[in-house]
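Notes to accompany the following structure.
Here, each number is a calculation from the coordinates, and none is a lab measurement. It should be emphasised that the depicted structure is a prediction, and the values quoted were computed from it without experimental measurement. Note that we place each Cβ from the backbone using ideal geometry, even for glycine, and neighbour counts take in every protein chain shown.
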Amino acid sequence: MSGCVDSHVKGTGSASTARAVLFIKVLVFAVLCVGGVTAVLFFKRSASASVAILIAFILIALSLASVYHNFIQGRKTCLGQLGCRSLFYLFGTCIVLAVAMEIGTLVGAATKSPFVLGDWSVQRLGMFACIAYLIEMLSLEYLPVGFFARFKERCKRIEKKSLVRAMLYALGVAFGSAGAGFLVSYFLGIAFLPATAFSLLSIVTVLVLVCICKRGSHLRIETGFLIVALSAGIAFVVAVPASNLFSWDDEVHYGNALRLSYISDPEFTSSDLMMTQLFSVEGGHSIDASMGRWPLNFDLTWPEDQIDHLNGELDAGFERGPVQVGEGVDLSVLNYTMVGYIPSAMGLWLGRLLGLPFHMIFALGRIANLLSYCLVCYAAIRIIPCKKALLCALALIPTSLFMASNYAYDPWLISFGFLSIALLVREFASPKPLTVRSAFPIFLAFLLALGPKAVYFPFIGLMYLMPRKKIAPEKRRVYYFAVVALGIIVVLTFLAPLIATNGGGSGDPRGGADVNSSLQLKHVLADPAGYLLLVIRFLFLGYLIPVNVATAMVNLAYLGDLSISCLPFALGILVYLAGLMLVDTNDASRALSSVGSKAWTLFLFSVALFGICTALYLSFTPVGADGIAGVQSRYLLPFLLPLGLFVLNFKKGFSVNERACGATALAVSSTLVLVTWWCLLFSRLIV
């Protein structure tokens, strides 16, 4: 009798599970259909937005598949074993978080209020709910079982004596930095705050290096990187909190981050307009935000009172309230490239919520961008099983750290590019077979990395280097199809606007009046062989020569380029990085070295470079020109890690102690940052 009851219960359970699986399949199909229809409807209004919407619906559909494993099968998660009822808590939490974020947005807005129902945005609430849902599903899928319990246990283990000791050390470093800053200010004539910030950076860097080199120290290279990089970036932001014409196109990047921070109904004060329009002097302001950095003068200095005066005017302009208010969701926000602005937008959102003055809100957006770059690079260094020292050195390249400390989306591309390759290499070295659960983070990292600049899409092809033995025979076709599908989706993000505008339209207005993408495309198609020769000549006779590559290392945009005043210094960085690629080896890195991987990586590198040249030839170069305008040396920075891992990597090479190699790389790279920071910024901030 009991056997009959058990079989009946099992039959009932299996039947309900089958119904749940069918329901999820139908739901996934429905979500994909809705996403496809929505993307088609948006295509005429904005091709870029249509592709971004399609990507969002695909991610939501994929996340629904994990509902089966986490809630129906009852897999153990970081929150314990979940059941179907937990789904209601999940969706309820999403709604609560969405409402909380909407309230925060309205509190930070000058012309809106959370107490006025008409000010609430349904579209923004929906986007917040989707974001919360995706984050919750990723957390349930990838946070380890017992994560929160272990976190609480670690917090309990922290002794009060250790906290007091750490606070005393921090106070000692702070007072020491203030004292050193006073001496630097007194004897060298540098403003006190920048002098103190630079002194703090120098002291922290020395302490980190001493701790790493100390025998028996448990400080890892990735932790050392995180401390040094954050200290360097924050010191840079503190020195000049608010200004434009610092980094490349920072006025454009700030405007995009500001729109994204509102999502709907963006507000622009006179101070915001000053930061989004070069050389603009709005009503109530007496100087523009560039502080005289154009025309370029690398001997220019900035007195302390000039910076304070600019900050005061910007704060006053912000206090006067918005002078422009947008209506509804700007379609530019619904763009795949906007993912690169998420960190800065979060910083701006938080600054408004806290009621900070404008120059602090602006600085907080920069710090958020820096924090994102540092944390993602930290994760990449921690994850990668080989060449940690090389990755640390690449993440500390002064140009990359400079962009991360400003409004830019290149740091998002570089950091998530590092992370995607680190995840890929870790999977190469793992003896376990590839599963959907282990492959999805790699796909997602590549998808996120390529958002700002999809033209780097050929490096998705590195996923084809996955050893065949790691993929079950029946799953190989699915894996290869998924790689191709990811590539097609990324390509669509820049191909769709090209199709919608019949060849790109008039092109980038920054390239000049003679730029016309449609006419340039016709010119290329009329003589493809001639265009190919033009690209080859441009690359090998100018762009890829060592002198040009060296400028990518120590170029701080409108603050100056150390490779101009001290070329041997910049070339020395190239020699240093090449040496690291050869010396930083272990068994995992030697396993990556093969003729096939070298040839394939070089092919992908060539295709990506050709794509970059073509994109700028169409959008930035006058029609029929014999050269290619706008291809900057910093575009090579994302290529350095894959080249170091797969090309300049040999099975027979030098073998050194990994910890010693990491400590040396951190010491040299930190010194490069300090020298570059001092020469191009801090030495010019006078009393």
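Near the amide H of ASN555, under 5 Å away, which other amide H atoms are found, from residues 5 or more places off or on another chain, if H is placed in the peptide plane?
Distant-sequence amide H within range of ASN555: THR399.
Please rank PHE43, PHE402, fewest neighbouring Cβ atoms within 10 Å first, as an exposure proxy.
Numbers: PHE43 18, PHE402 27.
Listed from fewest to most nearby Cβ atoms, that is PHE43, PHE402.
List TRP677, TRP294, TRP248 from most exposed to least, where exposure is judged by having the fewest other Cβ atoms within 10 Å.
Details: TRP677 27, TRP294 12, TRP248 17.
Fewest to most other Cβ atoms nearby, the residues stand as TRP294, TRP248, TRP677.
Taking neighbour counts of Cβ atoms within 10 Å as a proxy for exposure, in what order, fewest first, do VAL535, VAL145 appear?
Details: VAL535 18, VAL145 13.
The most exposed by this proxy come first: VAL145, VAL535.
Specify the inter-centroid distance of the range 241-309 and the range 629-683, based on alpha-carbon positions, in whole Å.
31 Å
Let me spell out the model: positive unit charges on the Cβ of Lys and Arg, negative unit charges on the Cβ of Asp and Glu, origin at the Cα centre of the chain. What dipole size does that give, in debye rounded to 20?
Details: 49 positive and 36 negative charges, 747 e Å.
It comes to approximately 3580 debye.
Based on alpha-carbon atoms only, what is the radius of gyration of the chain relative to the globular estimate 2.2 N^0.38 Å?
On the way: Rg = 26.4 Å, N = 687, 2.2 N^0.38 = 26.3 Å.
Relative to the 2.2 N^0.38 Å estimate, the chain comes out at 1.00.
Non-local amide H neighbours of THR269 (under 5 Å, H modeled in plane, Pro and chain starts lacking H): which ones?
Result for THR269 returns VAL323.
Quickly estimate the mean residue ellipticity at 222 nm for the chain, helices only: each DSSP H run with n ≥ 4 gives -39500 (n - 2.57), and the total goes over all residues, rounded to 500. Mind dumping the intermediate values first?
Numbers: 27 runs with 443 residues, N = 687.
Counting only the DSSP helices, I get -21500 deg cm²/dmol.
Is the range 49-172 best put as rounded, prolate or oblate by its Cα gyration tensor, with a ≥ b ≥ c the root eigenvalues, rounded for a/c under 1.5, and otherwise prolate when a/b is larger than b/c, oblate when not? Write out the running numbers ahead of the final one.
Working: a/c = 2.35, a/b = 1.21, b/c = 1.94.
It is oblate, given that a/c is not under 1.5 and a/b is not larger than b/c.
Students often get this wrong, so check it: of LYS388/LYS453; LYS432/LYS469; LYS387/LYS598; LYS388/LYS651; LYS152/LYS387, which have C-alpha atoms separated by over 21 Å? Can you show the working numbers first?
Working: LYS388/LYS453 25 Å; LYS432/LYS469 10 Å; LYS387/LYS598 17 Å; LYS388/LYS651 17 Å; LYS152/LYS387 33 Å.
Exceeds cut-off: LYS388/LYS453; LYS152/LYS387.
Using +1 at the C-beta of Lys and Arg and -1 at the C-beta of Asp and Glu, which of SER563, GLY292, PHE416 has the Cα lying farthest in the positive direction of the dipole of the chain?
PHE416
Once you compute Rg and the Kirkwood Rh from C-alpha atoms, what is the Rg to Rh ratio for the range 167-230? Working shown, then result.
Details: Rg = 13.3 Å, Rh = 12.6 Å.
With Rg and the Kirkwood Rh in hand, the quotient comes to 1.06.
Once the other residues with Cβ under 13 Å from the Cβ of CYS78 are scored (Lys, Arg +1; Asp, Glu -1), what is the net sum? Please list the in-between numbers first.
Details: positive: ARG75, LYS76, ARG150, LYS152; negative: GLU136, GLU141.
Net local charge, CYS78 excluded: +2.
Based on the alpha-carbon gyration tensor of the range 560-609, what equivalent-ellipsoid semi-axes (square roots of 5 times the eigenvalues) come out, in whole Å, largest first? If you can, show how the numbers build up before the last one.
Values: eigenvalues 164, 62, 8 Å².
Equivalent ellipsoid semi-axes, largest first: 29, 18, 6 Å.
Which loop GluC sites (Glu not before Pro) in the range 248-288, with loop taken from DSSP, have no more than 14 other Cβ atoms within 10 angstrom of their Cβ?
none
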